[in-house]
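Chemist: The following block contains the structure, expressed as structure tokens.
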Amino acid sequence: MANLELHAGLYIVATPIGNLSDISPRAAATIEAADLLLVEDSRVTGKLLGHLGLKKPMRPYHDHSKDSDREAILSQLSDKVVVLVSDAGTPLISDPGYKLVHEARARGLHVGAVPGPSAPTMALTLSGLPTDRFLFAGFIPNKDKARADLFEEFRGLRATLVFFETGPRLAKSLAAAAEVLGNRPAAVARELTKMFEEVATGTLTELTERYAETPPKGEIVLVIGPPGEADAPSEEDVDAAIDAALAEMSASRAAKDVAARFGLKKNDVYARVQERMKR
């Protein structure tokens with residue numbers, strides 16, 4: 001590992017999501033240069049340090065850390081190199097840390113980052129689903145209503161959706177997604193970069209059936225494709241919507257409302273509104 005001369009401050013360093021060989025030379029050198037490592041679990045980071053042949057002081061920093069813990073860390077950033085790592089992947093991506101970074105920047109302290117592995121982006125690239133627009137939404141809620149509400153929130157979003165999930169809950173989440181989002185194409189990526197890496201693709205219904213009786217093991221990323229092109233509305237549907245709107249609002253407002261609902265041009269709908277009003 002090359003020796004690095006680093007400014008005092010906070011460094012956000014991505015670590016492997018499974019295969020320790022994925023650690024980058026710059027990430028390893030940054031960890032070697034650290035005066036202190038901020039870790040989620042010292043046992044997990046200890047394995048990475050053993051792989052690198054390093055010993056470093058570690059301090060816990062996770063969801064349960066107090067404000068006083070953050071203040072103690074911030075007080076060291078002016079004269080020490082402090083490296084933030086997560087158990088796997090890129091810190092702050094569904095991991096704690098953003099408050100620390102926000103406060104460090106607010107105080108004018110140096111903040112740097114070393115990019116690297118990320119499970120959501122790896123799963124997305126392996127899924128075969130559209131990658132031009134995507135949304136990462138973290139872990140799917142455990143409770144039925146919260147799960148359904150989450151999918152409903154993103155139902156009309158024209159983007160690929162990416163979530164974390166656990167094996168025991170996967171089939172239930174797949175079924176809920178199919179019910180709310182429709183039977184979209186999807187991919188289940190698990191144990192990425194590890195010996196038993198697997199990416200299963202199919203529709204949400206097909207994947208629900210696949211995992212209903214045999215929940216998969218390991219860490220899982222669920223990727224769901226965007227909605228397909230909506231069928232063009234029939235003239236009868238548009239006319240019915242116009243008549244209902246006219247009963248409650250002005251012609252201009254009705255045209256705007258119906259155009260937005262069906263994805264039509266407002267001027268075209270307004271002309272149809274005028275025709276309906278003459279009848």
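Chemist: Would you check if residue 108 is assigned by TED's automatic domain parsing to the domain that holds residue 39 and over 21 Å from residue 65 (Cβ atoms)?
Modeler: So residue 108 fits the description; yes.
Chemist: Now for a separate question. With the condition kept exactly as written, say whether any residue in region 6-17 is surrounded by fewer than 14 Cβ atoms within 10 Å (Cβ to Cβ) and either touching a Lys or Arg at 6+ places or on another chain (Cβ under 9 Å) or free of Cβ contacts under 8 Å to residues at least 12 places away in the same chain (or both).
Modeler: no
Chemist: Tell me which residues, restricted to region 111-126, are closer than 18 Å to residue 98 by Cα and polar (S, T, N, Q).
Modeler: 118
Chemist: Filtering region 192-203 down to residues that are of a type outside the set (S, T, N, Q) and either within 19 Å of residue 131 (Cα to Cα) or not assigned by TED's automatic domain parsing to the domain that holds residue 160 (or both), which residue is surrounded by the most Cβ atoms within 10 Å (Cβ to Cβ)?
Modeler: Looking at the filtered set, the residue picked out is 192.
Chemist: Please specify each residue of region 135-185 satisfying the condition of being in a strand (DSSP E or B) and under 21 Å from residue 89 (Cβ atoms).
Modeler: 135, 136, 137, 138, 139, 160, 161, 162, 163, 164, 165, listed by residue number.
Chemist: Ok, one more. Going by the structure shown, is residue 79 in a loop (DSSP other than H, G, I, E, B), of a type in the set (D, E, K, R) and in contact (Cβ under 8 Å) with a residue 60 or more places away in the chain? I'd like the intermediate steps shown before the answer.
Modeler: Numbers: in a loop (DSSP other than H, G, I, E, B): yes; of a type in the set (D, E, K, R): yes; in contact (Cβ under 8 Å) with a residue 60 or more places away in the chain: yes.
Considered against the rule, which asks whether it is in a loop (DSSP other than H, G, I, E, B), of a type in the set (D, E, K, R) and in contact (Cβ under 8 Å) with a residue 60 or more places away in the chain, residue 79 comes out as yes.
Here's the yes/no breakdown for (1) on the phi > 0 side of the Ramachandran plot; (2) surrounded by fewer than 17 Cβ atoms within 10 Å (Cβ to Cβ); (3) without any contact (Cβ under 8 Å) to a residue 12 or more places away in the chain:
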| site | (1), (2), (3) |
| --- | --- |
| 179 | no, yes, no |
| 182 | yes, yes, no |
| 187 | no, no, no |
| 190 | no, no, no |
| 205 | no, no, no |
| 209 | no, yes, yes |
| 216 | no, no, no |
| 223 | no, no, no |
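Chemist: Answer yes or no as to whether residue 197 is more than 26 Å from residue 91 (Cβ to Cβ) and not hydrophobic (A, V, I, L, M, F, W, C). Reasoning before the result, please.
Modeler: Values: more than 26 Å from residue 91 (Cβ to Cβ): no; not hydrophobic (A, V, I, L, M, F, W, C): yes.
For residue 197, the condition - more than 26 Å from residue 91 (Cβ to Cβ) and not hydrophobic (A, V, I, L, M, F, W, C) - is not met.
Chemist: Among the residues of region 33-41, is any surrounded by 13 or more Cβ atoms within 10 Å (Cβ to Cβ), assigned to a helix (DSSP H, G or I) and free of Cβ contacts under 8 Å to residues at least 60 places away in the same chain?
Modeler: Yes, the conditions are met somewhere in region 33-41.
The values are calculated or read from the model by the stated rules, or taken from the named source; none is laboratory data. Here the structure is a predicted model, which is why all the values come from computation and not from measurement. Neighbour counts are summed over all protein chains in view; Cβ atoms, including those assigned to glycine, are modelled from backbone coordinates with ideal geometry.
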